[in-house]
Structures are given as structure tokens and as C-alpha cells.
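Visitor: Submitted below is the structure of interest, expressed as C-alpha cells.
Laboratory data are not the source of any read-out in this text; all were calculated from the coordinates shown. Everything numeric in this text was worked out from a predicted model, so none of it was measured. In this analysis, Cβ positions are derived from the backbone assuming ideal geometry, glycine residues included, and neighbour counts consider all displayed protein chains.
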Protein chains: 2
Amino acid sequence: MAKANVREKLVTAGLELFHTKGYNACGVLDITNAARVPKGSFYNHFKSKEMLALAVLDRYQSLLGLDALQDKSEPPIPRLRSLFERYITLHVKWQFARGCLLGNLGAELSSQSPLVRKALKKHFDRWCGAVAIVLQEAKERGDIAKSHDPQETARFLYNAWQGAVINSKVTRSQAPFKNFFAVIFDSVIKG
Amino acid sequence: MAKANVREKLVTAGLELFHTKGYNACGVLDITNAARVPKGSFYNHFKSKEMLALAVLDRYQSLLGLDALQDKSEPPIPRLRSLFERYITLHVKWQFARGCLLGNLGAELSSQSPLVRKALKKHFDRWCGAVAIVLQEAKERGDIAKSHDPQETARFLYNAWQGAVINSKVTRSQAPFKNFFAVIFDSVIKG
């Protein structure tokens with residue numbers, strides 16, 4: 001029980017630090033200090049910082065709101081808008097300083113860690129799968145053009161969004177999100 | 001003369017290391033070792049690693065092909081395609097492992113370094129300015145819809161591209177670029 005608690009604290013501190021500072025800018029000692037646990041306890045739970053990153057990514061998953069995306073009480077396209085609006089609320093709360101952990105680690109670690117890269121690919125596929133279901137639903141209702149390949153459009157949305165998020169970190173503003181909404185919902189997806 | 005040479009070597013090594021490993025994953029000693037110059041010489045040329053990053057970004061600028069973009073011997077939209085094709089050639093050469101330095105540092109350093117963030121904003125504005133001129137030209141020729149705001153579309157292209165590049169690092173494939181071309185040139189920009 002006590003052990004599980006330490007593990008939880010490490011994942012919480014790891015998420016906070018990787019998200020605010022990046023992976024390579026903090027060491028195991030920074031993480032155990034932030035978690036207020038002894039440094040030695042780290043290795044009882046994780047073989048390496050890299051293994052912690054995988055657990056952090058799984059925790060981060062819950063911020064992505066993919067469950068709400070399958071709630072059919074709202075029509076598909078407004079539901080998709082709500083998903084991105086949910087993300088914007090988080091970035092505003094974070095004052096545009098954190099970005100998306102998936103994009104950050106993708107940029108920082110893809111070459112350094114094959115394990116993290118594989119995990120990022122899994123999260124990307126999961127996100128695109130969930131969004132593609134909604135786009136398929138929109139297509140069947142005639143809300144978007146029949147020419148859409150839901151998987152392809154979902155992947156485009158993911159990438160365009162990740163780029164907008166990085167730009168919101170650089171410009172410290174919501175402008176890239178407004179730009180994303182205008183182009184995506186007025187041109188790429190009309191609904 | 002000898003001094004300028006050392007500075008050049010540091011910028012070359014810095015670009016190589018920041019681009020392949022990231023900023024926080026390498027230290028000044030890694031850079032001076034890669035440049036084959038004495039460690040102490042670093043501080044004759046740069047006050048800090050952060051200052052080197054600014055010089056590296058200026059050097060990186062030449063890879064972006066913005067001059068060729070203003071060569072009017074090709075019509076505007078094909079010229080824009082050529083720009084992205086030029087980038088794809090680089091990413092293929094790099095085996096999708098490096099990504100774009102602007103996106104990488106935007107993700108990694110926006111919170112850590114206000115100086116780098118400001119420089120990234122400058123490079124982003126410069127890129128969007130150059131692309132907006134081409135889109136304006138396309139608009140005046142009637143190649144794209146009058147409804148386009150060239151600045152807004154240029155910013156969207158920048159962000160969507162940055163996201164595609166990160167995804168190409170994660171998936172180690174050209175698929176995100178094909179996806180980008182299909183959506184951008186068949187839907188966002190029709191020309």
C-alpha cells in the first residue's frame with residue numbers, strides 16, 4: 001500500500017516536471033525531491049527515468065478527454081469542437097507554457113528513446129482511432145463530405161493541432177488555436 | 001581570422017548536436033568536443049549555451065529555402081509545393097530522426113529560455129511573411145479563393161507542417177507529409 005503511494009507520487013511529480021521543464025532538463029533527483037520521497041525509492045518502482053516516462057504518458061492520457069468524445073448526446077462535429085475547446089481551456093490555465101506532453105516528448109525524445117517513441121505512436125494511434133470514429137459518424141450523417149477518409153483526416157487534425165500547440169508556447173497566445181479552428185472547421189471539416 | 005573559425009566550428013557543432021540530440025541533452029563540453037576546439041574557447045565566442053542557440057537558429061535559417069520561394073519563374077502554388085518537397089528531401093536524408101529545429105526548440109525551450117522563444121517567434125514571423133507573399137500572389141492570379149487571408153493561411157501551414165514533422169519523427173515515416181500534402185493542397189489551398 002505504502003509502495004503504491006510512492007509510485008503514484010513519482011508519476012505525479014514526473015508528469016509535472018516533464019510537462020513544465022521537459023525530459024532532459026530534469027533528473028531523477030529533481031523528481032524524487034518534487035515527489036518528497038527518498039531518491040533511492042525511485043528504483044524500487046522504475047528501472048529508469050525512461051520507464052517513468054512511459055507511466056507518465058499513461059497518466060497523461062486521462063487529460064485527453066477521449067471518453068467524452070464517444071458520448072453521443074451531442075452531434076459528432078460539435079463534439080469534436082468541444083474536444084479541442086477542452087484542450088484550449090487547459091492551455092489557458094497553463095498560460096501556454098506547457099504544451100502537449102505528446103508533442104513535447106515527440107520533439108525531444110523520438111531519437112533518444114525508442115521506448116518512448118513507441119509509446120507516443122500508441123497514444124497517437126489511440127487518439128486518431130477515437131477521432132476517426134466521430135468523423136465516420138459525421139460522414140454517415142452527411143455532416144461532412146463523403147470524400148473524407150476519417151483516419152486520414154484524424155491524423156491531419158492531430159498533427160495540425162500539435163503544431164498549433166507548440167506555436168502557442170512560442171507566441172504565448174491563443175492565436176494559433178483560433179487559426180486552427182477557423183481553418184479546420186471552415187475549410188477542412190465543414191459541419 | 002582564427003577566432004572567426006572557432007566560432008564557425010561551434011555553430012556547426014551546435015546545430016548538429018541541438019538538431020540530433022536536443023538542447024538539454026548536450027552540454028558545452030559535448031559541443032566543444034564535437035567542434036574539436038578547447039572547452040575554454042567556447043566562452044570567448046558565446047556568453048552561454050543559450051547565446052549559441054541563437055546563432056545556431058540563424059544558421060538554420062538558410063535551410064528553410066525562403067529565397068527560392070520568391071523566384072517568380074514558377075507559379076506561386078507549385079513554388080509552395082516545391083518548398084515543402086525540399087523539406088521532405090531533408091527529412092528523408094535525415095531518416096526522419098531530426099525534425100525541424102524550430103519546432104524542436106519551440107517544444108523544448110519555450111518555457112526555459114525567453115531569448116530562444118523570442119528568436120523562434122522571429123523565425124516564425126519571417127517564414128509566415130515569406131509564404132504569405134506567395135499566397136497573396138496566388139490570390140491575385142485567382143489561383144486560390146479570395147476568402148484566404150494570406151497571413152492566416154501561412155500561419156496555419158507553418159503549424160500544420162511542424163506537427164507533421166514531429167509525427168514523422170515519432171512514426172519514422174513519410175506518411176505525415178503525404179497526409180499534409182493531400183489535405184493542404186486538395187482542401188485548404190486548391191491550386
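Visitor: Determine which single condition B:VAL92 fails, assuming it passes every other condition in (1) in contact (Cβ under 8 Å) with a residue 12 or more places away in the chain; (2) more than 7 Å from chain A (Cβ to nearest Cβ); (3) part of a helix (DSSP H, G or I); (4) closer than 30 Å to A:ALA97 by Cβ.
Guide: Against the list (1) in contact (Cβ under 8 Å) with a residue 12 or more places away in the chain; (2) more than 7 Å from chain A (Cβ to nearest Cβ); (3) part of a helix (DSSP H, G or I); (4) closer than 30 Å to A:ALA97 by Cβ, B:VAL92 comes up short only on (4).
Visitor: Report the residue count in the stretch A:1-54 for those that are assigned to a helix (DSSP H, G or I), farther than 21 Å from B:ASN24 by Cβ and touching a residue at least 24 places away in the same chain (Cβ under 8 Å).
Guide: Number of matching residues: 9.
Visitor: What about A:VAL188, is it facing another protein chain (nearest Cβ under 7 Å), surrounded by fewer than 22 Cβ atoms within 10 Å (Cβ to Cβ), of a type in the set (Val, Ile, Thr) and over 21 Å from B:LYS122 (Cα atoms)?
Guide: Criteria met by A:VAL188.
Visitor: Criterion first (in contact (Cβ under 8 Å) with a residue 24 or more places away in the chain, part of a helix (DSSP H, G or I) and not polar (S, T, N, Q)) does A:LEU66 satisfy it?
Guide: No, not satisfied.
Visitor: What single numbered condition from (1) of a type in the set (Lys, Arg); (2) surrounded by fewer than 19 Cβ atoms within 10 Å (Cβ to Cβ); (3) facing chain A (nearest Cβ under 10 Å) fails to hold for B:ARG59?
Guide: (3)
Visitor: Now, a different point. Applying the selection to the stretch B:153-181, what residues are of a type in the set (Lys, Arg), more than 20 Å from A:VAL183 (Cα to Cα) and at the interface with chain A (Cβ under 7 Å from one of its Cβ atoms)? Spell out how you get there, then give the answer.
Guide: At the first step, the residues of the stretch B:153-181 found to be of a type in the set (Lys, Arg) are B:155, B:169, B:172, B:178.
Okay, now just the ones that are also more than 20 Å from A:VAL183 (Cα to Cα), so B:169, B:172.
Result: B:LYS169, single match.
Visitor: In addition: Mind listing whichever residues of the stretch B:95-123 are without any contact (Cβ under 8 Å) to a residue 24 or more places away in the chain and within 12 Å of the chain's Cα centre (by Cα)?
Guide: Across the stretch B:95-123, the qualifying residues are B:LYS121, B:LYS122.
Visitor: When you look at B:ILE166, is it outside any loop (DSSP other than H, G, I, E, B), more than 20 Å from A:LEU120 (Cβ to Cβ) and of a type outside the set (Gly, Ala, Ser), yes or no?
Guide: no
Visitor: Kindly indicate whether any position in the stretch A:99-119 is farther than 30 Å from A:SER48 by Cβ, out of contact with any Gly (no Cβ under 9 Å at 6 or more places or on another chain) and within 13 Å of chain B (Cβ to nearest Cβ). If you could, list the steps in order and put the result at the bottom.
Guide: From the stretch A:99-119, those farther than 30 Å from A:SER48 by Cβ are none; that's our starting set.
Looking through the stretch A:99-119, none of the residues is farther than 30 Å from A:SER48 by Cβ, out of contact with any Gly (no Cβ under 9 Å at 6 or more places or on another chain) and within 13 Å of chain B (Cβ to nearest Cβ).
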